[in-house]
Amino acid sequence: MGGILEKLGSYQIMTNLLPGAFFGLALKFFFGLTLPTQNVGEDIVVYYFMGLIINRISSLVVEPILKKICFVKYAPYPDFVKASRADLKIDTLSEMNNYTRSLLTCVLLLPVMRVLNALSLKWRWFSLNWEWGVIALLVVMFLFAYRKQTNYVRKRVEAINIHETENKGLEG
């Protein structure tokens, strides 16, 4: 099990595993909901996957809402890439920023889970078919997450190409 944890980088631990574990423990503490796992290894896999989902919800839903209401403001991406080269601590600060956003999303999801739990107790149809809704939501969420990640990579490549073009112009 230690080998799996060693292979996870600090970013995956901070933004996926820890928020997933926090959320799993919060579900148990607040609502008495426990995971159907048999051992610590299964717990880690489930917590990581829950954290991954929470991270994606935070990126695709919470972050855009906070940007839209002007609660947060990001630097232009080319400036971020340039600054990351000059100050290595920016990557660490960005990692902590994403961790905090994931924890915020965990807390925001707790009332949602309470409502879903109540629905499953009240409506038999919901308790028998909730899995199909979860699968549909996961497909949509991961499609949009894939698109966002692809755009992130493209923007980073473009920022590096702009930087190299500027440097060539200065050399020539």
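Side notes on the structure shown:
- Given (1) under 15 Å from Ser59 (Cβ atoms); (2) without any contact (Cβ under 8 Å) to a residue 12 or more places away in the chain; (3) among the aromatic types (Phe, Trp, Tyr), number of the condition Phe144 does not satisfy: (2)
- Pairing each residue of region 160-172 that is modelled with pLDDT of 75 or more with any residue that is assigned to a helix (DSSP H, G or I) and surrounded by 10 or more Cβ atoms within 10 Å (Cβ to Cβ), provided the two are 6+ apart or on different chains, yields C-beta distances under 8 Å for Ile160/Val81; Ile162/Pro78.
- Scanning region 108-122 for residues that are surrounded by 12 or more Cβ atoms within 10 Å (Cβ to Cβ) and within 26 Å of Glu63 (Cα to Cα) gives Leu108, Leu109, Leu110, Met113, Arg114, Leu116, Asn117.
- Taking the criterion of being exposed (fewer than 10 other Cβ atoms within 10 Å of the Cβ) and either small (Gly, Ala, Ser) or farther than 19 Å from Leu52 by Cα (or both), the only residue of region 128-163 that qualifies is Trp132.
- Only one of Phe144, Phe126 that is of a type in the set (Phe, Trp, Tyr) and modelled with pLDDT under 80: Phe126
- Of the set (1) within 18 Å of the chain's Cα centre (by Cα); (2) loosely packed, with under 15 Cβ neighbours inside 10 Å; (3) aromatic (Phe, Trp, Tyr), all apply to Trp125 but (1).
- Here region 86-119 is the region considered, the condition is being among the basic types (Lys, Arg) and free of Cβ contacts under 8 Å to residues at least 60 places away in the same chain, and the residue that is farthest from Ile162 (Cα to Cα) is Arg101.
- The one condition in (1) farther than 21 Å from Leu17 by Cα; (2) out of contact with any Asp or Glu (no Cβ under 6 Å at 6 or more places or on another chain) that Ser84 fails to fulfil: (2)
- Remark: pairs (first residue in region 19-35, in contact (Cβ under 8 Å) with a residue 12 or more places away in the chain; second residue in a helix (DSSP H, G or I) and aromatic (Phe, Trp, Tyr); Cβ separation under 6 Å; 6+ apart in sequence or on different chains) = Gly20/Tyr47; Gly20/Tyr48; Ala21/Tyr47; Gly24/Tyr47.
- In the condition set (1) loosely packed, with under 12 Cβ neighbours inside 10 Å; (2) modelled with pLDDT of 95 or more; (3) of a type in the set (A, V, I, L, M, F, W, C), Val40 is compliant with all but (2).
The values are calculated or read from the model by the stated rules, or taken from the named source; none is laboratory data. Nothing here was measured: the structure is a model prediction, and the numbers come from that model. Reconstructed Cβ throughout: ideal geometry from the backbone, glycine too, with neighbour counts over all protein chains shown.
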